[in-house]
């Protein structure tokens, strides 16, 4: 799942959503831990309502619920998607290029939602 965390999306995956999934389904969350009711997920795994889960983000990082940690069909990783030498090097290069662009032209080459920030 990938979604923004907001007051409307907090724990959008809960007991009824897991019950609606097929027992062969795998739930994967790489977005925000707060999107998932971790107790409901652990219960769904224990009950066999879903086949497994993969998470690299948790509601109260760095803490991970004991129920999830003890569930053998929960694959849990720290939020490390960008932790490769190549990715970190490219991130550094992009940061340097962006800083230079801002200093020279006052334009951020990696700006997101420019209209929002220039109001």
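The values are calculated or read from the model by the stated rules, or taken from the named source; none is laboratory data. Remember, predicted model here, so these are calculated numbers, not experimental data. Quick reminder, even Gly has a Cβ in these numbers, built from the backbone with ideal geometry, and neighbours come from all protein chains shown.
Overview of values
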read-out	value
Subset of the stretch 47-60 [surrounded by 11 or more Cβ atoms within 10 Å (Cβ to Cβ) and touching a helix residue (DSSP H, G or I) at 6+ places or on another chain (Cβ under 8 Å)]	49, 50, 52, 53, 55, 57, 58, 59
Extreme residue, modelled with the lowest pLDDT, among residues of the stretch 32-72 that are under 12 Å from the mean Cα position of the chain (by Cα) and assigned to a helix (DSSP H, G or I)	33
Single unsatisfied condition, residue 23 versus (1) out of contact with any helix residue (DSSP H, G or I) (no Cβ under 9 Å at 6 or more places or on another chain); (2) at pLDDT below 90	(2)
